Amino acid sequence: MNYFEPLTAFVDLTDGTIPEATAVQRRRLVDLKGLFADSQAETARLGENPLLYEVHEAAEIPKKDGHQLFSTTILRPGTVGDEYFMTKGHYHARSDRSELYYGLAGEGLLLMQTPEGRINAQPMRAGAACYVPPYWGHRSINTGLENLVFLAVYPADAGYDYGTIAEEGFAQIVVTGPEGPRLVPNPRYRGGGSRA
Ligand code: PA5
Ligand code: NI
């Protein structure tokens, strides 16, 4: 038997980085072009092109059935128009693969949706262990004033389907309101009904 060696990755709890990360991905506004509901506000911010989030990948683990991958996400606070900074969001390419998010810092929502466009939003903050069941698309949203930081653990063969979210979006978005964050219908939503 060719055993894969156990390992430990240390997360810096002051900022959510993984100093020994094997890869760091940075996503700026341009990488989410077309996903924010207020396209004028989006275009206005594109010159500045703010950094929205970083993903720190913990280790080089084979992307094969049986293994699990894990990473931290550090999502900055801010808005585009009145919509909070968020991740691109995805379904898993193997859509029956689930995921666990563990909140480390900040405040936000884990927005999930079925392919039919049914929405479920779970609270994200330090100590929250949020379960993303099979088939649910998922996106994180920073509704606070500090970075939203969480650890994600998921099957190594899950993969990413960003295309469906790029084409259809989420049925609802999270915007600022006088009484705090609220979920409202997404005027740019193009899904529902076409996928079973
Ligand atoms: O595996 C996950 O779901 C997370 O690690 C996300 O990939 C991460 O939060 C970044 O979001 P996205 O992949 O939608 O850009
Ligand atoms: Ni995922």
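Tabulated values for the structure
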| item | result |
| --- | --- |
| Alpha carbon convex hull of segment 69-132, volume per residue in cubic angstrom | 107 Å³ |
| Segment 119-196: proportion of alpha-carbon pairs further apart than 21 angstrom, % | 39 percent |
| Inverse mean reciprocal Cα-Cα distance (Kirkwood Rh) of segment 56-166, Å | 14.2 Å |
| Segment 55-139: GluC sites (Glu not before Pro) falling in loop per DSSP and having at most 13 other Cβ within 10 Å | 60, 116 |
| Sites residue 20 and residue 61, calculated FRET efficiency, Cβ-Cβ separation with R0 22 Å, nearest 0.05 | 0.95 |
| Neighbourhood charge, 11 Å Cβ-Cβ cut-off, centred on residue 55 and excluding it, Lys, Arg +1 and Asp, Glu -1 | +1 |
| Radius 12 Å from Cβ of residue 126, net charge of other residues (Lys, Arg +1; Asp, Glu -1) | -1 |
| In order through segment 134-149: 3J(HN,Hα) via Karplus (6.51 cos²θ - 1.76 cosθ + 1.60), integer Hz, x for Gly, Pro | x, 6, 8, x, 9, 8, 9, 9, 8, 9, x, 9, 10, 4, 9, 10 |
| Residue-wise HN-Hα coupling along segment 88-93, computed from phi with Karplus coefficients 6.51, -1.76, 1.60 (Hz; x: Gly, Pro) | 4, x, 7, 8, 7, 4 |
| MRE, 222 nm, helices only [DSSP H, n ≥ 4, -39500 (n - 2.57), over the chain, to nearest 500] | -2000 deg cm²/dmol |
| Semi-axes of the equivalent ellipsoid for the chain, Cα gyration tensor, largest first, Å | 27, 20, 15 |
| Cα lying deepest toward the dipole's positive end in the chain, options 67, 187, 124, charges on Cβ | 187 |
| Net charge of Cβ neighbours under 9 Å - reference residue 23; Lys, Arg +1; Asp, Glu -1 | -2 |
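Read the figures in this text as sums done on the coordinates, not as results from a lab. Predicted model, so just to flag it, every value in this text is computed and none were measured. FYI the Cβ positions are ideal-geometry reconstructions off the backbone, even for glycines, and counts take in every protein chain you see.
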